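A quick write-up on the structure given underneath.
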Amino acid sequence: MQITLNNNHILEKSPSSFWLSANQICVAKLKSKDKETFKAFYKYYAPAVCGSILRILNDKNKCDVVLEKTFAQAWDTISTFDEGKCKMFTWLNRIAIKLASNV
């Protein structure tokens, strides 16, 4: 895609640079406390996070408690998430591991 500027200068611009990724949209909606997005976020990430917690605790009941606390903390601190520093799963998994380590 080409965009023509003043004085016939041509700027090459990729169409993808004008669009937000699905992940960026999801993060923005989570930061605005959109509950439907959070439900989808939970459904998508809970199984993998649960697996991480279970590897540490080896107890399904304790795992369920830590999983709930993990997502509650994620909801409360989503404003601190920085896509430039890590992926969403990494951030969420760090919360889970820290909480599981304190059980």
Check your understanding: Quick check, is Thr70 crowded, with 17+ Cβ neighbours inside 10 Å, touching a helix residue (DSSP H, G or I) at 6+ places or on another chain (Cβ under 7 Å), among the β-branched types (Val, Ile, Thr) and modelled with pLDDT of 95 or more?
Key -> yes
Exercise for review: Inspect segment 86-102 for any residue being without any contact (Cβ under 8 Å) to a residue 12 or more places away in the chain, surrounded by 13 or more Cβ atoms within 10 Å (Cβ to Cβ) and more than 12 Å from the chain's Cα centre (by Cα) and give the result as yes or no.
Suggested key: no
Check your understanding: Among the listed residues Ala40, Ala46, which satisfies the condition of being touching a residue at least 24 places away in the same chain (Cβ under 8 Å), surrounded by 13 or more Cβ atoms within 10 Å (Cβ to Cβ) and among the small types (Gly, Ala, Ser)?
Key -> Ala46
Check your understanding: Applying the selection to segment 50-96, what residues are charged (D, E, K, R), within 20 Å of Leu30 (Cβ to Cβ) and part of a helix (DSSP H, G or I)?
Key -> Glu68, Lys69, Asp76, Arg94
Exercise for review: Find the residue count for segment 54-80, including only residues that are touching a residue at least 24 places away in the same chain (Cβ under 8 Å), farther than 15 Å from Tyr42 by Cβ and within 16 Å of the chain's Cα centre (by Cα).
Suggested key: 1
Check your understanding: In this structure, does Leu54 turn out to be at negative phi, among the hydrophobic types (A, V, I, L, M, F, W, C) and modelled with pLDDT of 95 or more?
Key -> yes
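The values are calculated or read from the model by the stated rules, or taken from the named source; none is laboratory data. This structure is a prediction, so every number in the text was calculated from the model and none was measured. Every residue, glycine as well, gets a Cβ built from its backbone with ideal geometry; the counts of neighbours run over all protein chains shown.
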